[in-house]
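Here is the structure we will look at, set down as structure tokens.
Each reported figure results from applying straightforward, stated rules to the coordinates on display, with no laboratory input. Model, not experiment: these values are computed from the prediction. Methodologically, a virtual Cβ is constructed for each residue, glycine included, from the backbone with ideal geometry; neighbour enumeration extends over all protein chains shown.
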Amino acid sequence: MGMKITPSILNADFANLGGEIGRIPSADGIHVDVMDNHFVPNLTLGLPVVEAIRATTDKELDIHLMIEDPDRWAPAFAEAGAETITFHVEAAAAPIRLARELRALGAKSSMALKPATPIEPYAEMLAELDMILLMTVEPGFGGQKFLDQVLPKIRRARELADRTGQQIRIQVDGGVSVETIARCAEAGADTFVAGSAVYRAEDPDAMVNELRSLAEKAVPSAG
């Protein structure tokens, strides 16, 4: 499926999001963290800002909903034109129904798991998904240190996803950098959210290409 780098704008300049997105033309998509200060202890962008971002870029929008009651709110982000909607299984009341609803609206459905949430209980529903997001830090804030303890879960998720016979992407989010991305790729991830590593780099777009290259070198067959 090829390696994808989807930088998070959590570490970008919120006063100039259009310009910040313009600094990463090589990105495969834009990762937008939506936090409600309830599911996670932080408050960030909401639907109106996502709609504004949609109007400024034709890049794929990858929306990560770190919110309570995604069953109620997630469909609106699909209706706003976002290509991928990720909801947390810990917060979803009916994850299968929600995944199907997102697909029916034309979006890709993605399910996120916190570091301590096991993947095995959800093995039978993975065929309803286009992507699985595995948090490699505790959700809520950027700039955290990568948790190596999640690597075995990445391998297990890749195994379970492949068992469905469908093309399901494995995304990792948290502490992704030049030091950690190869380990994630070797474990089975193919989609990488990098915020601090990209936007704190001297040349954000060069960092996007460097990260992708490192992932491809770790798994040559995926390049």
Among the listed pairs Lys59/Lys153; Lys59/Lys217; Lys59/Lys108; Lys4/Lys145; Lys59/Lys114; Lys108/Lys217, give every one whose C-alpha distance is greater than 23 Å. Lys59/Lys153; Lys59/Lys217; Lys59/Lys114; Lys108/Lys217
How long are the three semi-axes of the equivalent ellipsoid of segment 1-123, in whole Å, if each is the root of 5 times an eigenvalue of the C-alpha gyration tensor, listed from largest down? 23, 16, 15
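For Leu65, Leu47, what's the fewest-to-most ordering of other Cβ within 10 Å of each Cβ? List each step's numbers first, then the result.
Working: Leu65 24, Leu47 15.
Fewest-to-most ranking of Leu65, Leu47: Leu47, Leu65.
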Across Val193, Val49, Val137, the residue with the highest GNM fluctuation in the chain (Cα network, 10 Å cutoff) is Val49
When a footprinting reagent is the concern and you count Cβ atoms within 10 Å, what order do Lys145, Lys114 take, fewest first? Lys145, Lys114
Using only helices, what value at 222 nm comes out for the chain when you add -39,500 (n - 2.57) per DSSP H run of length 4 or more and divide by the total residues, to the nearest 500 deg cm²/dmol? -9500 deg cm²/dmol
Per-residue Cβ contact counts at 10 Å, fewest first, order Phe39, Phe77 as Phe39, Phe77
Distance between Cα centroids, segment 3-51 to segment 89-150: provide it in whole Å. 18 Å
Kindly identify the chain as rounded, prolate or oblate by the Cα gyration tensor criterion: order the square roots of the eigenvalues as a ≥ b ≥ c, call it rounded if a/c is under 1.5, otherwise compare a/b with b/c, prolate if a/b is larger, else oblate. rounded
